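Below is one structure, written out as structure tokens; the observations come after it.
The values are calculated or read from the model by the stated rules, or taken from the named source; none is laboratory data. Note that the coordinates shown come from a computational prediction; the quantities given were computed from them, not determined experimentally. A quick note on method: Cβ atoms are made from the backbone with ideal geometry, for glycine too, and the neighbour counts reach across all protein chains shown. Surface accessibility is based on the protein's heavy atoms, side chains included, excluding ligands, DNA and RNA. Shrake-Rupley method; radii C 1.70, N 1.55, O 1.52, S 1.80 Å.
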Amino acid sequence: MTRTIRIVLVLIPLLALTLTACGPFSIAEQERIREIQTIEASTPTVTPVPPTNTPTPLPPTPTSTPGPTATPLPPTPTLTPSPTPLPPTPTPNPILAQFSLCNQQAGDPAGGRFSMRVTAITTTVDAFFERLELTLDVPASSAQPHASARCRPAPAAPQTVGEVEVAGAYLIEVQLDGWLRDDAFRTSLATPTVPLSGTQVLRAAAFRVPSDRTTGARLVIGIDQPLPFRVRLEDNPLRLVIDVAKSGPLSPASDLLRMPAGTAVAPAAPIFYLADGDIWRVSNGTPENLTERLRAGQFGDVTALATRPNARLVAFCATAPGAVAADATAASTLWVLELDTGSVRQLTPPPRGRSCADPVMSPDGTTIAYAVDESGVAPPQLRIFSVQIFPGAPAVALTPSGDEWSRYAPQWLDDARLMYAATAEDGRRTLFLREPDGTELDIGMALLVSGTGGQRSARYDGFGRLLAAPDGSAVAVEAFRIDRSGADLLILNPSGAEIERLSPIAGGFWNRPVAWGADGALYYLSTACASDAVYEYTLHARSADGADRVLAAGIATGDLGVFAAHQNALAYVTFDRMPEGPGGPLRAASDDPAALWYWDLARNARARLVETGRAITDLAP
């Protein structure tokens, strides 16, 4: 074992920490965040995530409760929060410049299979990081090794029978997919338990070799918290080097959207949300279950909801009594809840209809569009239907049946026009625009390519989340990149063409639309990089003239869920944990504890309204 000690005086606080540790900030002060991030983005490093000087405590264990509980509002010290001067831009530690919590790659991932023998495994303890180093012997006739790496929460139990458990709340997994199981592999030091000497950050390490495959192995390293790391291949001699920083970026002050701010705040109008199969309303700081007592054998779990500001009813999809909501083929129908009377009634389902999904209310509040699966098989074959809210009104099929497209996620542009997404059985994706006369236009194909004539080239390979402005003047949609992972954000006019001054939004790993403001501003989340361990984000507001402001920045071990614009405020959901896979797209695990927050943007007052023991999966103003 080699021990290296370096003494370097540097300032290494995380950007998000310096932006939030001093207290609440006004919207104007968030402009300074954008300036700092612009400087940071210009640094020629791969998403550096410098650690703090202070060891980070582990996040607290969430406590599940039978139902949502209201979070007491903070006292009101003043009527207006006082601005806090921002600290100077921090100086990153140059030694840790290439460390991050992003998923990483070493070598050429397209290099194919390779032969390799691990001849030595050593550890090194540095002043700022700990190192695990594998010395490699690769035959001249073999392709060069390659590896991918990620940090992720450790599973609660071994995932394979007989698998050696590795100590640590988080794992750094180094995947060697192309490693051949040849003589070189069999004589390697790739043992189930890797001995470590003198390390404190690196708790344990082990090789895991799938028995059902002829290639590949995984090196798993246990750590106690998400820590920035670096994986690379070095020559002379050939080595696979894994460096892990001794401290990380997470702290109670590293996540602005989970920090209360300003004076006492309460929504000016009720907020409706979906949790644990029921519709809840929060007003005056108290959550109220609106559907639990109304089920009475009429319906099972609520799976989606829709309403509009000042509407006196809530539309929702609900499974049949006894059906399992997690079953994609479970029978479900469309209902409305009358807020004045507290009564519910089922709207007429379409003939042969088996399910209900993605309900959305027209601007005038009289019609609901939704997706229906008529086949009852997996994958579902969805059509768009509409039905007026009046008793006895028939459901009307708006899209054809029997073709290659499954249509879903409708969005109203006005009281007669709809835009929606579609997926074909072979995986192709597009967007459709339905005109008032029933004409259906494929507007997605033109967005998937760039250039004109013979110079056209593939740009995107599909679309994700679709979100229309309340007045139908614009639609934001995720576009999946074809040349690398992640998603750009396109902003379209009502005809389906990009609005040049606004689109595309292409920075970072994933750009997700979350809400439209009444003034035409688009709120969106930009994820810095693909990471299975943390959600590193910036929340932006892009106005109709193209001006872009950063409202919040942070890094957390929990995901961010649905948002809703609520007059001059944002309601949004935070989760305690990260689901499997890189953070970015909208997702939620049903058993993940969640919290509902409210941020009054005008007063810069932010508070947690409700905490739940299970996920909040839908939200409406």
Pick from the stretch 464-498, criterion charged (D, E, K, R) and open to solvent by 20 Å² or more (accessible area, probe 1.4 Å), ranking: nearest to the chain's Cα centre (by Cα): R465
Given (1) at pLDDT 95 or above; (2) open to solvent by 30 Å² or more (accessible area, probe 1.4 Å), index of the condition L596 fails: (2)
Conditions (1) farther than 19 Å from P267 by Cβ; (2) free of Cβ contacts under 8 Å to residues at least 60 places away in the same chain: number failed by G613: (2)
Single residue of the stretch 388-422 satisfying the filter (among the aliphatic types (A, V, I, L, M) and not in a strand (DSSP E or B)) that is nearest to the chain's Cα centre (by Cα): L413
Criterion (touching an Asp or Glu at 6+ places or on another chain (Cβ under 9 Å), within 27 Å of D137 (Cβ to Cβ) and of a type in the set (S, T, Y)) met by exactly one of T215, T187: T215
Condition check for V166: outside any strand (DSSP E or B) and either closer than 22 Å to T557 by Cα or modelled with pLDDT of 95 or more (or both): yes
Options S142, S148; residue that is polar (S, T, N, Q), modelled with pLDDT of 70 or more, part of a loop (DSSP other than H, G, I, E, B) and open to solvent by less than 80 Å² (accessible area, probe 1.4 Å): S142
Within the stretch 388-402, tally of residues that are over 18 Å from G376 (Cβ atoms) and either surrounded by fewer than 16 Cβ atoms within 10 Å (Cβ to Cβ) or aliphatic (A, V, I, L, M) (or both): 9
Pair list, Cβ under 6 Å, 6 or more apart: the stretch 325-346 residue among the charged types (D, E, K, R), other residue assigned to a loop (DSSP other than H, G, I, E, B) and open to solvent by 60 Å² or more (accessible area, probe 1.4 Å): D340/R312
Condition met for E435 (surrounded by 19 or more Cβ atoms within 10 Å (Cβ to Cβ), of a type in the set (D, E, K, R) and either modelled with pLDDT of 95 or more or closer than 25 Å to D618 by Cα (or both)): no
Qualifying residue in the stretch 445-467 (condition: out of contact with any Gly (no Cβ under 9 Å at 6 or more places or on another chain) and at positive phi): yes
Condition check for P249: buried (at least 19 other Cβ atoms within 10 Å of the Cβ), at pLDDT 95 or above and not in a strand (DSSP E or B): no
Hits in the stretch 99-117 (condition: of a type outside the set (D, E, K, R) and either in a helix (DSSP H, G or I) or crowded, with 18+ Cβ neighbours inside 10 Å (or both)): F99, S100, L101, C102, N103, Q104, A106, G107, F114, S115, M116
Complete set of residues in the stretch 509-543 that are open to solvent by 30 Å² or more (accessible area, probe 1.4 Å) and within 13 Å of T557 (Cα to Cα): E536
D177, sole failed condition from (1) in a strand (DSSP E or B); (2) modelled with pLDDT under 95; (3) open to solvent by less than 40 Å² (accessible area, probe 1.4 Å); (4) farther than 13 Å from L132 by Cβ: (3)
